Amino acid sequence: MHELGITRNIVSIVTEKAQGEQVRRVTIEIGKLSAVLPEAIRFCFDIVSQGTVVEGAELEILEISGTAECRTCGSQFELEQLYGRCPCGSADITRLTGEELFIKQMVTA
């Protein structure tokens, strides 16, 4: 479960940025194409944050849809999996969104 390592990094970064202040809320963005499971992050967050200034903080997870642009016809479309085809049939696409994993915001006391 790579989400445990990812969650440790999130808590570590937030702890460092909080500079000793108690953290009340952490907002992260997870792309639907990132292969990171939001529920696994949520589960790990409560465990990993114990004994830190992040303990007890609300975790808000925003899921970002996958989108791509076709290099053949120029249209943008939603992408349900990492690889796909444009509605025009072309596989020559550029992924635009969906692979994100960002700490968007933290709120301290």
The stretch 1-30 residues that are touching a residue at least 40 places away in the same chain (Cβ under 8 Å), paired with ones that are among the aromatic types (Phe, Trp, Tyr) and assigned to a helix (DSSP H, G or I) (beta carbon under 9 Å, 6 or more apart) = Glu3/Phe43; Thr7/Phe43; Thr7/Phe45; Ile10/Phe45; Val11/Phe45; Val26/Phe45
Residues that are of a type in the set (Val, Ile, Thr), in contact with a Gly (Cβ under 8 Å, 6 or more places away or on another chain) and within 29 Å of Gly84 (Cα to Cα), drawn from the stretch 45-69 = Ile64, Thr67
query = List the pairs whose first member sits in the stretch 56-80 and is outside any strand (DSSP E or B), whose second member is surrounded by 15 or more Cβ atoms within 10 Å (Cβ to Cβ) and of a type in the set (Gly, Ala, Ser), and whose Cβ atoms are under 7 Å apart, counting only residues at least 6 apart or on separate chains?
reply = Ala57/Ser49; Ser65/Gly98; Gly66/Gly31; Gly66/Gly98; Leu79/Gly66; Leu79/Ala68; Leu79/Gly98; Glu80/Gly66
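Looking only at residues that are of a type in the set (A, V, I, L, M, F, W, C) and either without any contact (Cβ under 8 Å) to a residue 60 or more places away in the chain or surrounded by fewer than 14 Cβ atoms within 10 Å (Cβ to Cβ) (or both) in the stretch 81-106, which one is farthest from Thr27 (Cα to Cα)? Reasoning before the result, please.
Going residue by residue through the stretch 81-106, those that are of a type in the set (A, V, I, L, M, F, W, C) are 82, 86, 88, 91, 93, 96, 101-103, 106.
Adding the requirement that they be either without any contact (Cβ under 8 Å) to a residue 60 or more places away in the chain or surrounded by fewer than 14 Cβ atoms within 10 Å (Cβ to Cβ) (or both) leaves 82, 86, 88, 91, 93, 96, 102.
Working: Leu82: 24, Cys86: 32, Cys88: 37, Ala91: 34, Ile93: 30, Leu96: 21, Phe102: 9 Å.
Residue satisfying both the conditions and the ranking: Cys88.
All of the numbers you see were taken from the coordinates with simple rules; none came from a lab. Here the structure is a predicted model, which means the values were calculated and not measured. Reconstructed Cβ throughout: ideal geometry from the backbone, glycine too, with neighbour counts over all protein chains shown.
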